[in-house]
1. Determine, yes or no, whether Pro161 is part of a loop (DSSP other than H, G, I, E, B) and surrounded by fewer than 18 Cβ atoms within 10 Å (Cβ to Cβ).
2. Within the stretch 110-135, which residues are touching a Leu at 6+ places or on another chain (Cβ under 9 Å) and within 20 Å of Asp23 (Cβ to Cβ)?
3. Do we have Ile279 as among the β-branched types (Val, Ile, Thr), at pLDDT 80 or above and either exposed (fewer than 15 other Cβ atoms within 10 Å of the Cβ) or within 21 Å of Leu142 (Cα to Cα) (or both) here?
4. Pick from Leu123, Leu151: which is assigned to a helix (DSSP H, G or I), crowded, with 17+ Cβ neighbours inside 10 Å, at pLDDT 90 or above and assigned by TED's automatic domain parsing to the domain that holds Glu15?
5. Six or more apart or on different chains, Cβ atoms under 9 Å: show the pairs whose first residue is in the stretch 350-366 and under 16 Å from Ala334 (Cβ atoms) and whose second is of a type in the set (Phe, Trp, Tyr) and assigned to a loop (DSSP other than H, G, I, E, B).
6. Just checking: which of the strands (runs of 3 or more DSSP E) contained wholly in the stretch 289-408 hold 1 or more residues that are under 30 Å from Ala38 (Cβ atoms)?
7. With surrounded by fewer than 16 Cβ atoms within 10 Å (Cβ to Cβ), outside the structural domain of Thr310 (by TED's automatic domain parsing) and modelled with pLDDT under 90 as the only criterion, which of Gly367, Gly374 stands out?
8. Can you tell me which residue among Glu304, Glu344 is surrounded by fewer than 20 Cβ atoms within 10 Å (Cβ to Cβ), of a type in the set (Asp, Glu) and touching a strand residue (DSSP E or B) at 6+ places or on another chain (Cβ under 6 Å)?
Amino acid sequence: MAHEDERIALLLDYENLAIGARDGLGVVPFDFGPVADALAERGRVVVRRAYADWSAFDEDRRMMARAQVELIEIPQRIGGSRKNAADIKLAVDAVELAYEREFITTFAIATGDSDFTPLMHKLRELDKRVIGIGVQSSTSALLPPACDEFLFYDRLPGVEPTRAPLPPRRRRGMARPPAAAEPTQPTPSTGSAPPTGSTESTGSTEPTDSTKPAPAVAAAPGPFGVAFRDATDGTDGTDDTATTGAEERDVAGLVVSTLTGLGRQADGPVVASRLKRAILRKDPTFDESDHGFRGFGELLRHLEGQGAVTLTRGSAQGDPEIGIRDDPAADHDAFAQLVDVVRELTAAGGPPQLSGLKDQLRKRVPGFSEKRYGYGSFLSFAKAARARELIGMEWRDDAGDYVLSPVS
């Protein structure tokens, strides 16, 4: 009998997830229900396992048992030393399931620890779909790109934080803030601080004086406004924390540019379901609800109303065909703005270089994005203007860049 639903194996690095929810959101005890509901929408969960030293989670243990989760006991303290052995046990079990349970099509790995990135890659190499789940404030920036889809626990329906998420913490190796900005702390007369690079589990100790929050350092946003801010993942102090900044993301640009790319490769019409899968491959954290839409179809209808895309009835009900609206007037306006900026900069100080030109254009047109017009990069947009003989553009070795000039 053919199975139509995804068969999902859920493996939880419970200490990482529960402590991240506690410290970042004030959720105590950890609420497993939103995770179960999110996965139920994606397929049948046929394996549920949670790995932890359950002696530290008495109340959680009872709740997880009622949720039909198999509890894998991993003692963390042996003698006077403490070692997190849950990570390697989870990884071994995942690979074993991938080989011995061929009917499992999807692995949901709940953790924010970047140490699991090789596991994600290996599972995808074995032709398994991988869904990551983590608390946003404690999820490494390395983890979401390794997954087919990544769900931030903070944004799952039913999660009710009792406090605002913690700000990102200073990454090891970054400059400390000025001493005057920090309160003076008395030096303990006895005892010693745990060594840097400790192998203790995520969030298992309170932040020491050397790991106290410092002002966040802004980082350059990635594709479509996905930003990775400097912060630790709570494991070894070396990773950034993943954050999406969804409110600032140019969702129209993301949809149109992805649609344009699919159109170049497709030998037929592009349907909504295929477009959504492609967007998730670009940005596994994408969620249309971040932009105020209840579903992907509602988002597409909104973009249709803005004139960004066109929708026509597809062969399958509820899966429309999507196209890019041919709007010569909008393209003309965008190219006209570029020509005006090039002309002004040339008059002020000579022909401008391509680098920095987009920022100058945004001063005139705030929020400008070439992706809204179907161009994958600003260089492609400038080349399109040159092809239309609206500007001159040539490479100069002395400048190490393209130099643009107005067409007389």
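1. Numbers: part of a loop (DSSP other than H, G, I, E, B): yes; surrounded by fewer than 18 Cβ atoms within 10 Å (Cβ to Cβ): yes.
Considered against the rule, which asks whether it is part of a loop (DSSP other than H, G, I, E, B) and surrounded by fewer than 18 Cβ atoms within 10 Å (Cβ to Cβ), Pro161 comes out as yes.
2. Ala110, Thr111, Gly112, Asp113, Ser114, Phe116, Gly132, Ile133, Gly134, Val135
3. Numbers: among the β-branched types (Val, Ile, Thr): yes; at pLDDT 80 or above: yes; either exposed (fewer than 15 other Cβ atoms within 10 Å of the Cβ) or within 21 Å of Leu142 (Cα to Cα) (or both): yes.
Yes, satisfied.
4. Values: Leu151 fails: assigned to a helix (DSSP H, G or I).
Just one listed residue meets the conditions, Leu123.
5. Cβ pairs passing all conditions: Lys358/Phe368; Leu361/Phe368; Arg362/Phe368.
6. Numbers: elements: 309-312, 321-324, 391-396, 401-406.
Per the criteria, 309-312, 321-324.
7. Values: Gly374 fails: surrounded by fewer than 16 Cβ atoms within 10 Å (Cβ to Cβ).
The match here is Gly367.
8. Working: Glu344 fails: touching a strand residue (DSSP E or B) at 6+ places or on another chain (Cβ under 6 Å).
Every option except Glu304 fails the conditions.
The values are calculated or read from the model by the stated rules, or taken from the named source; none is laboratory data. As the structure is a computational prediction, the values presented were derived from the model and not from experiment. Here Cβ is always computed from backbone atoms with ideal geometry, including for glycine, and neighbour counts include all displayed protein chains.
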